[in-house]
2 protein chains.
Amino acid sequence: MKFTNRQLDIIQAATKLIGEKGIQNLTTKNLAAEIGFSEAALYRHFKNKNVIISSILEYYKDEIKDVMFGIIQDSTTGILKLEKIIEFLFNRFSSNPAIIMIVFAETSFQNDIQLSEQVHSILKQKKMVFEQVILKGQNDGSIRMDIQKEQLATIFMGSLRLTVLRWRLSNMNFDLNKEGDILWSALAKVFIK
Amino acid sequence: MKFTNRQLDIIQAATKLIGEKGIQNLTTKNLAAEIGFSEAALYRHFKNKNVIISSILEYYKDEIKDVMFGIIQDSTTGILKLEKIIEFLFNRFSSNPAIIMIVFAETSFQNDIQLSEQVHSILKQKKMVFEQVILKGQNDGSIRMDIQKEQLATIFMGSLRLTVLRWRLSNMNFDLNKEGDILWSALAKVFIK
DNA sequence: GCTTTATTAGTTAGTATTAACTAACTTTGT
DNA sequence: ACAAAGTTAGTTAATACTAACTAATAAAGC
């Protein structure tokens, strides 16, 4: 396994702290308190704080990747895959808002080169997955072909991200799933052949 | 005037610091060093650091607003306005990347309620401007009407923001203006009636 | 089977460093 | 003369991390 049980405890607690008040809330002190042991104990499980953050990113990258690949394996058309992905993501985010902070943490790590690169690589990977889905959709005839897959992926991911950002900034005061439906009905019109 | 000359110096220096290494690089120590005076001198011009950050946000909000309204006043069609706006923004960002960090600073202030609200209000305002431009475009017949202005604004702003984010995470290693052109040619197809 | 030896996972009590900010004093410009 | 703008030299609080130690459990040797 990638992580021990105790490491998973720590990742979970860290997720909660970040979800509550952002990355600045993730201090060794708060994290130890959240788990219920001493600060020093953290260092029995991770070399340092950066490794903790890095592990959080890895953990959720894998988690989301697994579900996405499940959806992609389905034998539906490209456009239906996009619909299912948007549905899954918005549902996941609204049921566990803490994840948003992590999945959208790009700006938080600007001072650390390694973390910043890790975040970039995750974003690139996601973009490639979407591009492949779109390409298949263009081939199966469900998605328009007069716009390149790269641009469609940007449009898809960008509008999705902005919607989630607005939700977060509004303190989650609208129904994200509903907004996701509305967004999708617009995107479907844009994507369809 | 909204700010004294010295306050403008401080805003400029702060912008530079944030642009270089993100918001975590904006410390009173670094800021004072950048300007070339002591830390304590900062407090002759601003009550505290939060007021400095808040002023930076205000400053660039106004700056961008002014140019945007200039573009909107033009008697061109809605779709042409969008094209000019995207051209202006991408040009502005690539010639002064530091501004990106500030304009896209949403995630950085999650721990501070007041700043977080200010950022949200700026985003809302921008969205409204885009919605108005799109609405006019729908009325003048240059923009499709089967998708609501709110969704088109989300698509427009979202894809624009994601492109800029990718550029930043890649350490500006592609031509943003060129990428902006490519994005626009895709968006134009999507928006046009 | 039972003692010795390691390991794991925790503790307490610190460290050095850095952050934002302030009080008291000095210089400068009009 | 005096207000504005600067300085020096600090304060307080927080941060990531470490040293030294311990109880409990597991492994090894005879």
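The values are calculated or read from the model by the stated rules, or taken from the named source; none is laboratory data. This one's a predicted model, so the numbers in the text were calculated from it and none came from an experiment. In this analysis, Cβ positions are derived from the backbone assuming ideal geometry, glycine residues included, and neighbour counts consider all displayed protein chains.
Might you check whether a residue that is more than 10 Å from chain B (Cβ to nearest Cβ), over 16 Å from B:I155 (Cα atoms) and not β-branched (V, I, T) occurs anywhere in segment A:157-168?
no
Please identify the pairs in which a residue from segment B:176-193 that is more than 15 Å from B:T154 (Cα to Cα) and at the interface with chain A (Cβ under 9 Å from one of its Cβ atoms) has its Cβ atom under 9 Å from the Cβ atom of a residue that is outside any helix (DSSP H, G or I) and acidic (D, E), counting only partners at least 6 apart or on another chain.
Between residues of segment B:176-193 that are more than 15 Å from B:T154 (Cα to Cα) and at the interface with chain A (Cβ under 9 Å from one of its Cβ atoms) and residues that are outside any helix (DSSP H, G or I) and acidic (D, E), the close pairs are B:K189/A:D146.
Select from segment B:155-193 the residues that are part of a helix (DSSP H, G or I) and among the aromatic types (F, W, Y) and list them in ascending order. Steps first, please.
We begin by selecting, within segment B:155-193, every residue part of a helix (DSSP H, G or I); these are B:155-169, B:176-191.
If the condition is that a residue be part of a helix (DSSP H, G or I) and among the aromatic types (F, W, Y), then B:F156, B:W167, B:W184, B:F191 are the ones that fit.
Just to be sure before I move on: is A:T4 within 14 Å of chain B (Cβ to nearest Cβ) and loosely packed, with under 15 Cβ neighbours inside 10 Å in the structure I sent?
no
Within segment A:33-84, which residues are under 14 Å from A:K136 (Cβ atoms), hydroxyl-bearing (S, T, Y) and free of Cβ contacts under 8 Å to residues at least 40 places away in the same chain?
Residues satisfying the conditions are A:S75, A:T76.
Counting only residues that are modelled with pLDDT under 95 and either within 9 Å of DNA strand C (Cβ to nearest atom) or acidic (D, E) (or both), how many does segment A:18-34 have?
1
Is it the case that A:Y60 is more than 14 Å from every other protein chain (Cβ to nearest Cβ), within 13 Å of DNA strand C (Cβ to nearest atom) and within 24 Å of A:F109 (Cα to Cα)? Break it down into steps so the answer makes sense when it comes.
Values: more than 14 Å from every other protein chain (Cβ to nearest Cβ): yes; within 13 Å of DNA strand C (Cβ to nearest atom): no; within 24 Å of A:F109 (Cα to Cα): yes.
Criteria not met by A:Y60.
For B:N111, indicate whether it is within 21 Å of A:K127 (Cα to Cα) and either free of Cβ contacts under 8 Å to residues at least 12 places away in the same chain or of a type outside the set (F, W, Y) (or both). Steps first, answer last, please.
Details: within 21 Å of A:K127 (Cα to Cα): no; either free of Cβ contacts under 8 Å to residues at least 12 places away in the same chain or of a type outside the set (F, W, Y) (or both): yes.
Criteria not met by B:N111.
Can you tell me which residues in segment A:115-133 are more than 12 Å from the chain's Cα centre (by Cα) and more than 12 Å from chain B (Cβ to nearest Cβ)?
A:M128, A:V129, A:E131, A:Q132, A:V133
Name the single residue that is modelled with the highest pLDDT among those in segment B:87-114 being within 13 Å of another protein chain (Cβ to nearest Cβ) and under 10 Å from the mean Cα position of the chain (by Cα).
In this case the residue turns out to be B:I100.
If you take just the helices (runs of 4 or more DSSP H) that sit entirely in segment A:20-119, which of them hold at least 3 residues that are more than 16 Å from DNA strand D (Cβ to nearest atom) and surrounded by 14 or more Cβ atoms within 10 Å (Cβ to Cβ)?
Correct list: A:49-73, A:78-95, A:98-103.
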